[in-house]
1. Can you tell me which residues in segment 23-49 are β-branched (Val, Ile, Thr), more than 15 Å from residue 82 (Cα to Cα) and outside any loop (DSSP other than H, G, I, E, B)?
2. Can you tell me how many residues within segment 184-227 are farther than 13 Å from residue 141 by Cβ, hydrophobic (A, V, I, L, M, F, W, C) and touching an Asp or Glu at 6+ places or on another chain (Cβ under 8 Å)?
3. Can you tell me which residue in segment 158-177 is modelled with the highest pLDDT, limited to those that are over 19 Å from residue 189 (Cα atoms) and touching a Gly at 6+ places or on another chain (Cβ under 9 Å)?
4. Identify all residues within segment 92-111 that are surrounded by 15 or more Cβ atoms within 10 Å (Cβ to Cβ) and either of a type in the set (Asp, Glu) or not in a loop (DSSP other than H, G, I, E, B) (or both); write none if there are none.
5. Which one is modelled with the highest pLDDT, of the residues in segment 110-128 that are within 24 Å of residue 218 (Cβ to Cβ) and over 13 Å from the mean Cα position of the chain (by Cα)?
6. Looking at this structure, is residue 76 modelled with pLDDT of 95 or more, of a type in the set (Phe, Trp, Tyr) and surrounded by 12 or more Cβ atoms within 10 Å (Cβ to Cβ)?
7. When you scan segment 49-58, do you find a residue that is surrounded by fewer than 17 Cβ atoms within 10 Å (Cβ to Cβ), at pLDDT 95 or above and within 17 Å of residue 90 (Cα to Cα), even just one?
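The values are calculated or read from the model by the stated rules, or taken from the named source; none is laboratory data. Note that the structure is predicted; figures quoted are calculated from it, not measured. Here the Cβ is made from the backbone with ideal geometry for all residues, glycine too, and neighbour counts use every protein chain on show.
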Amino acid sequence: MKNLLVFLVVIFTAFASCKPDKITEVVVEGVLLDASSLKPIEGGTVEINTGTAGLAGTGSAHTKFLEMTTGSDGKFHFEYTIEEGLKYVLYADAPNHYGNRSIDWSSITYNGETPSNSTNLTLQRKAQIHEIIRLPPQATLQLRIINVDKIYDRFGLNAPPGSPYGTGLHHLTGMAVDETHTFTVYGGAEIILNTFRYRPGDGPEDGDHVQVPVICKAHDVTEYTIEY
């Protein structure tokens, strides 16, 4: 009987050791800010996604694990148990702002800093993680384009920073162009409009590339005119 009890204890210990370790008492907290004004964002969504961890911190994190909506102070707070072998990522979205999911912010800065990207959360026992998440505000650009000099017969514009790919203007044609187009762009920071002007007979590589810097007021409409 004694030998049987010893055997059962050994089996139970081996079985228990195969279970994934749990890291308890993990706290993730912080504040969600407008990157331009640095004011708290009310009504933003902050969530932690989880998924399988890969080599060197890579892997998927597409399953929503926890979520909360920020109040007037922009603060968020999570407490939870983490399972080792999984990856945890902090995401944020907010009305009239750009979210931080896999975005390249290299083209804009606010107060000398680029906006926040998604954050891979470190796995440490009794971890206390504090994050400041800065999201870029959206703005509306009403862009009027006028052919004044009658030198170019085609005009092109790449998608303005903050607008989805493919939303640019591809070869407005003719000498009598006078059009207005509306775009959603990054607000409160200088953005560069990449324009292309072509003379009659110019090939795709012969046109003039002209960069136009613009600052659009956050959460507002900015009217701007390009004459060529």
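1. Once the filter is applied, which keeps residues that are β-branched (Val, Ile, Thr), more than 15 Å from residue 82 (Cα to Cα) and outside any loop (DSSP other than H, G, I, E, B), segment 23-49 yields 31, 45, 46.
2. Of the residues in that region, 1 qualify.
3. 172
4. Within segment 92-111, 92, 93, 97, 110 qualify.
5. Filtering segment 110-128 for residues that are within 24 Å of residue 218 (Cβ to Cβ) and over 13 Å from the mean Cα position of the chain (by Cα), the one modelled with the highest pLDDT comes out as 110.
6. yes
7. Within segment 49-58, none of the residues are surrounded by fewer than 17 Cβ atoms within 10 Å (Cβ to Cβ), at pLDDT 95 or above and within 17 Å of residue 90 (Cα to Cα).
For (1) farther than 18 Å from residue 29 by Cα; (2) without any contact (Cβ under 8 Å) to a residue 12 or more places away in the chain, each residue gets a yes or a no:
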| site | (1), (2) |
| --- | --- |
| 86 | yes, no |
| 102 | yes, no |
| 111 | yes, no |
| 118 | no, no |
| 130 | no, no |
| 139 | yes, no |
| 164 | yes, yes |
| 170 | yes, no |
| 189 | yes, no |
